[in-house]
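Heads up, the thing below is written out as structure tokens.
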Amino acid sequence: MKFMQLLLAEDDLILANGLTAQLSRAGFVVQHAPNGPVAEYLLTNQNYDIAILDLGLPMIDGLSVLKNVRAHRPDLPVLILTALDKLDSRVAGLNAGADDYVTKPFDFPELEARLNAVLRRARSGAGAPELAAGSLRFDRETRRAFINAAPVELSPREAVLLDLLLLNVDRVVTKEQIASAWAGDGNDVGTGNTAEVHIHRLRRKLDGSNLAIRTVRGLGYLLETELLAGPRP
Amino acid sequence: MRAGEQSLHRQLVAWVLLPQLVLWLAGGVATYRLAVRYVNQAADATLSQAARTLARQVKPIGDGLLIDFPRAAQDVLEADPNDRFLYMVSTPPGQFILGNNNIPLPPPTMTPRLGDPYFYDGEIAYAASARQAASGPTKVRIAALYLDYGETDGKRQWMLVQVARSMANREDIWRRILIDTLLPLSILIILMTMIVWIGTGAGLAPLLRLRREVEDRSPADLTPLRMEAAPQELRSLVGALNGLLASVRQSVDAQKRFIADAAHQLRTPLAGLKSQTEVALGVTADPALAARLALVHQGATRSAHLINRLLMLARAEPEAAMIQEKSVLDLEPFVRHLVAEAVPRALRAGVDLGMSEATGTPDGKALPGELRVQANHLLLGEALNNVLDNAIEYAGRGSEITVRVLRDGDDALMVVADNGPGIPAPDRARVFDRFVRLTDKGLGCGLGLAIVKEIVERHGGAVVLEDAVPHGLKVVLRLPALSRRATR
């Protein structure tokens, strides 16, 4: 996860300067592109792990850069940084090409979380062999989990459950999602409190890690990392 | 508006009706007078005839007069016992010859002319009918005829024949003519008034429609008035109004666009400011400087928050294109999705956000089928997010927020209840006003609930704040639900 190559395409120099410093401290190796053509050249010719694109870039705007780069690097994770918000119709067509977008101004922890999520999703696509969160590692092939390299025994249902939770770290996983994941895995859809029972067991098995499974009333469950968990009351 | 329109109707009716009324009345008076004149003439002719007949009965012989007044002739004159002829033949000055009553002489203003009857009114005390005793004086019409008959001492001899008849009969006829003229005339006038009133009303109906169209619009609705609703005479007025509306709309649009553009333009420098202060905070070891930088950072965050809210408010305005784009929304999954997205924010703030398991009616019954509303999902989502963010921010760390979707009759309710400190009842109305804040805590700019109210009202709904049990605030967003049939 550390020392990711990141391209920051942003024309506002004050923001670019500050963001570069913050991203570097967060462990990224940052290259700055002040305008569209430079961003496009660097992205097509160098092998970045992730890109942050401002939409309002001079000369070639961010959306065009994105389209052109997508032709060469269809898998490059791209996060759009924009002064437009999600209610703007101009943003509507955006998600097609970008993996996520963040509205300016933003809190850096939020941006960092989104970057990590985009990276995680890029790596945990259909073929990704391994998922990780905090001190937990999960081998999707063998369905074996490790907390700080110590193996954790999982039942097939628990493995599917953990897989689902890890794909949605810090996001709510509904009971419907769990049921359909189990059904897709060839297990019978249980009745009653099955999800609760398995969550309860999984919780105990994750005791040694720095992860927690939260129950979200009326909605489902959420795998919580340290980043999300604020100081407890 | 109302008073002006009514007075126009009245004025029209008055202008059409009053001159007609005067003319009709004048016509009525003229007709009456004409009829009375002919009646008088006919009656006078009868009197004059009677006078001549009577005169023929008195034949001059030498210096004297031979009265040949047979009973038969007397009977003719006195045939009608209720309306007798009164008669008197005399030779001036006042020598009574024959007659059944004393009839006053013609007024001295009349100069006697031979052989021409005079007509005048007088009063005589007599019994109008045979049965009736002589009572007070009765008004009579008198015909007087001067005749001469030979000469004595070189002087011509005069004879005055007077015949009188009671006016009662004649006045009776006058009265009948009056009634026969007035009655149809009054009915005519009443009918005409009604026709004119209705006709003017019908003629003014397009004006009324136009007025209703203007009255029924919301003050913020600046779309043009429909031209076809206006009658020809008002086309130019409607055109002028539409021109005015268009220019107002343009300037409002320009202002809105300016606000939106300005807000967008402010976002990037603010992001830079925030980023730089965060970096500075990370590298400084001086606690005094760090405290100041934290304040700068807080200010920047606040400004960012304010800009977002201003933009949102601009979007919720009725002219905004967004508010017009509505679609049918299944409320329960929609709310579920939004709450799920808000859970990480709540957890970061140490707040337990969840949904009530049972969606249903307020009395706990299960929801029959889907609960659908007609809404713009982005705006409604923003409204609910604002309520959720408010609850997360002000309920405080360790509190619990529960969201519920309910059906209440024809309405769909989204209820966000927390167990925080709540808002005292007297302050609740104020929190919907723009820039009103009840606390100095948090990032708020006092626009959150104003936006919620604006959006919900644009969807035909209402926002209500209630007490939660045992303490805390309950925000109820009420929207009109689509009937199940309408959604199929």
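Here, each number is a calculation from the coordinates, and none is a lab measurement. Just so it is clear, the structure is predicted and the values come from calculations on it, not from any experiment. With ideal geometry, Cβ positions are generated from the backbone for all residues, glycine too; neighbour counts draw on all protein chains shown.
Treating r as the C-beta distance of B:His9 and B:Leu234 and R0 as 22 Å, the FRET efficiency rounds to 0.90. Of the cross-linked pairs B:Lys326/B:Lys453; A:Lys175/B:Lys474; B:Lys453/B:Lys474, which ones have a Cα-Cα span greater than 22 Å in the structure shown? Those over the limit are A:Lys175/B:Lys474.
Footprinting exposure proxy ranking of A:Ser64, B:Ser236, fewest other C-beta atoms within 10 angstrom first, gives B:Ser236, A:Ser64. Counting every other Cβ atom within 10 Å of each residue's Cβ, B:Tyr146, B:Tyr87 order from fewest to most as B:Tyr146, B:Tyr87. Just to verify a number: FRET efficiency for A:Asp139 and B:Ser356, C-beta to C-beta distance, R0 = 56 Å, to 0.05? So the FRET efficiency works out to roughly 0.90. Straight-distance candidates among the aspartates and glutamates for linking to B:Lys256, with alpha-carbon spacing under 12 Å and chain neighbours fewer than 8 residues away dropped: B:Glu317, B:Glu319. With neighbour counts taken as other beta-carbon atoms within 10 Å, the residues B:Met312, B:Met192 rank, fewest first, as B:Met192, B:Met312. Taking a virtual spin label 7 Å from the Cα of A:His72 along the C-beta vector, which residues in the range A:36-57 bring their backbone nitrogen under 13 Å of it? Counting backbone N atoms under 13 Å from the label point, the list is A:37-48. Starting from the Cα gyration tensor of the range A:4-123, take the square roots of the eigenvalues, sort them a ≥ b ≥ c, and report rounded, prolate or oblate (rounded when a/c is under 1.5, otherwise prolate if a/b is larger than b/c, else oblate). In terms of gyration-tensor shape, rounded.
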